[in-house]
Amino acid sequence: MSSKKTPINFLKYSLVKSFMKSRLYPGIFQWMALIVFAVVMVEALAGPLAPSENFATAATWIIWFPLLPVLFFLFGRFWCSVCPFSWISDISQKLFGANLKVPNFIRKYGLWTVDIVFIFITWSDHIWGIVESPRGTGVVLVLMFAGVMITGMFFERRTWCRYICFLGGVSSNYSRSGMLELRANKDICQTCKTKDCYRGNDKAPGCPMFELPMAMETSASCNLCANCIKTCPHDSIRISPRIPTSEFWSQTRAHFEESFLAIVLVGIVFVQNITMLDVYSSFLEWIEQLLGISNVNIAFTILFIIAMAAPVILIFTATAFSKRITGETLANAFAKFGYAVIPLDLAGMLAHNLFHILAEGKAIYFTLMGLFGMHMEGTMALVSDPTIQIMQYFLVIAGTFGSLYTAYRIAKSNYGAGKAWSVSMPYFIIVIIFGLVNFLAFTVRMGMRM
Amino acid sequence: MNYRGKPLKRVLFYLALLIFMLSFAANVLASGGHEDIKQEEKVGNYQVTMETQPEIILANEKATIKILVKNEADGQPVIGAKITNKATMEKSNSTSSGMSGMEKEADMDEYVETVMNERSDMDMEPGTYMAEVNFKYPGNWEQAISITSSLGESTINFPVSVSESGPNYAFLGIVAGLVVVAAIVAGIIKKKKYAENGGVL
């Protein structure tokens with residue numbers, strides 16, 4: 001961020017700085033995550049088959065997955081430095097690492113791979129019921145485990161986390177909209193000859209995510225592992241709070257594939273919402289009758305494709321209108337404004353997952369007690385349904401306003417204050433449509449995961 | 001970085017061999033248990049044969065229920081019938097220890113209702129109807145298959161036993177085998193790089 005006033009730097013607090021420079025960070029969090037992960041793996045592969053009795057299902061789909069967007073928004077990709085898979089990657093590399101350069105096609109098409117794998121996993125969850133099946137969860141975890149180990153064995157740094165992890169696209173988009181950033185002081189860095197932050201030194205390895213902090217404009221890949229804080233001999237690194245979504249309007253380079261995922265996510269979040277609604281099965285039957293098909297999976301696939309394609313088509317339509325004023329190419333303008341829907345994506349996902357956390361939150365306690373042979377009974381809800389619904393409405397409204405504001409700021413920073421309203425108007429209409437659809441989806445009660 | 005050349009390679013080789021043998025054995029064992037079983041019953045004007053695939057049905061994994069419906073009088077296949085399968089399990093039949101756990105399940109029997117579709121594929125006998133059923137819990141389920149056709153309406157019961165499944169060792173073995181092979185290849189590349197760079201990685 002090229003702000004004129006000096007940003008707040010949390011590393012100026014000696015306690016924070018010494019903690020982040022110590023080996024305790026992020027090790028202490030990694031150990032905790034690893035212990036929970038080990039239990040989750042065993043439970044997913046060998047625990048009870050009923051999801052309501054399985055700790056892995058509760059820990060993964062009621063707590064971890066719903067909390068992820070919140071973590072990304074508040075702390076950027078901090079989770080990625082704690083994630084057990086990143087540690088597994090490091091260990092595999094230490095033991096067997098051939099440390100090869102990442103192939104060009106992975107660098108070039110990494111984000112598309114992430115997009116496609118994310119879409120495939122979301123689709124397959126609905127077809128094969130991964131979330132409802134502890135063994136399904138186990139299969140996904142084992143495949144990821146193997147993928148992380150294999151890439152760690154062959155390629156340098158955290159190739160999996162940076163280029164392949166299917167959550168990478170979502171995590172980078174949400175982290176970019178978030179409230180925290182790690183940046184370097186470019187004035188100091190320009191005088192640095194060693195670039196220890198990238199290369200590493202005796203204090204810590206270089207950036208595992210292939211980032212050079214002085215050149216970093218986005219928080220898409222930074223996982224706040226603090227390696228650069230440990231290795232920098234000039235104390236050039238700062239960690240600062242920032243206005244949410246500000247990164248989208250201050251960036252100099254927009255990526256089509258990031259925007260594409262953001263827009264597709266509008267549809268995916270919508271599909272996730274409607275499949276959890278009690279009216280979903282009758283809706284699917286209606287589609288089957290309408291199209292004259294008798295296979296529920298085909299009906300869902302058609303719905304899924306339409307839900308993903310519709311937002312893309314709508315944003316392209318808005319772009320086609322706005323480019324008359326801006327004179328930009330369709331692809332460039334699409335890439336720039338696609339980021340505007342991220343706040344609404346995030347809000348939709350938070351609202352959706354809020355239900356799982358608050359309506360099924362006690363499942364984590366019940367299933368945890370189940371590990372010790374105790375069977376708990378009672379309501380799984382932490383708060384009542386109407387309370388959750390009000391919170392969901394609030395989130396969707398906040399997300400819609402966030403997206404409107406982001407679209408306006410993107411237009412303003414790219415085309416000036418004079419054109420900002422007219423350029424952003426077509427996007428306003430589309431964002432309001434997305435917001436209304438999301439709002440309506442939450443007026444109907446959702447089904448539970450457990 | 002430490003590099004432990006030959007001993008490491010040897011250990012990995014034998015480990016890979018072991019895992020491959022285990023996964024092969026597991027695959028053979030796993031495939032051995034997937035034969036069909038048949039149950040035959042007569043009800044009303046119908047003669048019904050039911051098969052399940054796989055033979056050992058596992059909880060929370062899809063199983064195919066296939067029935068062949070014939071006219072009991074002349075043995076001709078019954079085509080164009082409307083058939084539904086309502087599988088029910090009383091909670092007392094569950095072999096799952098924690099079934100009484102959650103609020104939403106309290107005092108409820110489990111049931112799955114599916115429509116059985118007629119199959120007219122070349123390799124299927126006429127009068128064959130199939131459906132995929134996901135039995136959520138292990139235990140004894142009762143399938144009430146209702147048949148409606150010009151021969152009248154009848155319901156026939158077929159019991160089915162659903163087992164609790166453990167880890168899929170074949171899958172785990174194959175994945176572990178792949179990881180070991182990758183480790184061997186990565187080790188070889190690492191050794192080559194080590195030699196090319198004069199003992200420095």
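The single condition among (1) in a strand (DSSP E or B); (2) more than 9 Å from chain A (Cβ to nearest Cβ); (3) open to solvent by 70 Å² or more (accessible area, probe 1.4 Å); (4) not hydrophobic (A, V, I, L, M, F, W, C) that B:Asn117 does not satisfy is (2).
Inspection of the range B:163-172 identifies no residue that is assigned to a helix (DSSP H, G or I), of a type in the set (D, E, K, R), touching a strand residue (DSSP E or B) at 6+ places or on another chain (Cβ under 9 Å) and at pLDDT below 90.
How many of the residues in the range B:157-187 are within 24 Å of A:Ala98 (Cβ to Cβ), open to solvent by less than 30 Å² (accessible area, probe 1.4 Å), facing chain A (nearest Cβ under 9 Å) and small (Gly, Ala, Ser)? Reasoning before the result, please.
So the first thing to find is which residues in the range B:157-187 are within 24 Å of A:Ala98 (Cβ to Cβ), and the list is B:174-187.
Still in the running and open to solvent by less than 30 Å² (accessible area, probe 1.4 Å): B:175, B:177, B:179-180, B:182-183, B:186-187.
Subsequent filtering for residues that are facing chain A (nearest Cβ under 9 Å) retains B:175, B:179, B:182-183, B:186-187.
Restricting the remaining residues to those that are small (Gly, Ala, Ser) gives B:182-183, B:186-187.
Selection size over the range B:157-187: 4.
A:Trp112 meets the conditions (1) under 30 Å from A:Ile357 (Cα atoms); (2) in a helix (DSSP H, G or I) in every case but one. The failed one is (1). Applying the set (1) under 26 Å from A:Gly200 (Cβ atoms); (2) at pLDDT below 95 to A:Leu182 leaves exactly one unmet item: (2). Residues in the range A:130-155 that are more than 9 Å from chain B (Cβ to nearest Cβ) and free of Cβ contacts under 8 Å to residues at least 60 places away in the same chain: A:Ile130, A:Val140, A:Met144, A:Gly147, A:Phe155.
Just the residues that are outside any helix (DSSP H, G or I), modelled with pLDDT of 90 or more and either open to solvent by 10 Å² or more (accessible area, probe 1.4 Å) or out of contact with any strand residue (DSSP E or B) (no Cβ under 7 Å at 6 or more places or on another chain) (or both), please, taken from the range A:240-253. Those that are outside any helix (DSSP H, G or I), modelled with pLDDT of 90 or more and either open to solvent by 10 Å² or more (accessible area, probe 1.4 Å) or out of contact with any strand residue (DSSP E or B) (no Cβ under 7 Å at 6 or more places or on another chain) (or both): A:Pro241, A:Arg242, A:Ile243, A:Pro244, A:Thr245. With respect to A:Ile88, determine if the residue is of a type in the set (Val, Ile, Thr), within 14 Å of chain B (Cβ to nearest Cβ) and in contact with a Ser or Thr (Cβ under 8 Å, 6 or more places away or on another chain). For A:Ile88, the condition - of a type in the set (Val, Ile, Thr), within 14 Å of chain B (Cβ to nearest Cβ) and in contact with a Ser or Thr (Cβ under 8 Å, 6 or more places away or on another chain) - is not met.
Could you check, for the range A:59-68, whether at least one of its residues is touching a residue at least 60 places away in the same chain (Cβ under 8 Å), within 30 Å of A:Ala381 (Cα to Cα) and within 14 Å of chain B (Cβ to nearest Cβ)? Yes, there is a match, as at least one residue in the range A:59-68 is touching a residue at least 60 places away in the same chain (Cβ under 8 Å), within 30 Å of A:Ala381 (Cα to Cα) and within 14 Å of chain B (Cβ to nearest Cβ). The helices (runs of 4 or more DSSP H) found wholly in the range A:1-105 and carrying at least 2 residues that are surrounded by 13 or more Cβ atoms within 10 Å (Cβ to Cβ), over 26 Å from the mean Cα position of the chain (by Cα) and not β-branched (Val, Ile, Thr) occupy A:14-21, A:84-96. Do we find a residue being modelled with pLDDT under 90, in a loop (DSSP other than H, G, I, E, B) and at positive phi anywhere in the range B:47-65? Among the residues of the range B:47-65, at least one is modelled with pLDDT under 90, in a loop (DSSP other than H, G, I, E, B) and at positive phi, which makes the answer yes.
Per-residue answers, yes or no, for (1) closer than 30 Å to B:Glu118 by Cα; (2) away from chain B (no Cβ under 14 Å); (3) crowded, with 22+ Cβ neighbours inside 10 Å:
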site	(1), (2), (3)
A:Phe260	no, yes, no
A:Leu265	no, yes, yes
A:Ser281	yes, no, no
A:Leu303	yes, yes, no
A:Val312	no, yes, no
A:Ile315	no, yes, yes
A:Tyr339	no, yes, yes
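I'd like to check something: does the range B:136-146 contain any residue that is open to solvent by 60 Å² or more (accessible area, probe 1.4 Å), away from chain A (no Cβ under 13 Å) and more than 29 Å from A:Pro51 (Cα to Cα)? Within the range B:136-146, not a single residue is open to solvent by 60 Å² or more (accessible area, probe 1.4 Å), away from chain A (no Cβ under 13 Å) and more than 29 Å from A:Pro51 (Cα to Cα).
Applying the criterion of at least 2 residues that are surrounded by 22 or more Cβ atoms within 10 Å (Cβ to Cβ) and out of contact with any Asp or Glu (no Cβ under 9 Å at 6 or more places or on another chain) to the helices (runs of 4 or more DSSP H) found wholly in the range A:128-197 leaves A:134-154, A:168-176. When the range A:198-227 is filtered for residues that are farther than 19 Å from A:Phe155 by Cα, aliphatic (A, V, I, L, M) and open to solvent by less than 50 Å² (accessible area, probe 1.4 Å), the ones remaining, listed by number, are A:Met214, A:Met216, A:Ala220, A:Leu224, A:Ala226.
Inspection of the range A:118-129 identifies no residue that is away from chain B (no Cβ under 12 Å) and more than 20 Å from the chain's Cα centre (by Cα).
Checked against (1) farther than 30 Å from B:Glu55 by Cβ; (2) assigned to a strand (DSSP E or B), B:Asn157 passes all but a single condition, namely (1).
The values are calculated or read from the model by the stated rules, or taken from the named source; none is laboratory data. Since this is a predicted model, take the numbers as computed values, not measurements. Methodologically, a virtual Cβ is constructed for each residue, glycine included, from the backbone with ideal geometry; neighbour enumeration extends over all protein chains shown. Accessible surface is based on the protein model in full, side chains and every heavy atom, while ligands, DNA and RNA are left aside. Shrake-Rupley method; radii C 1.70, N 1.55, O 1.52, S 1.80 Å.
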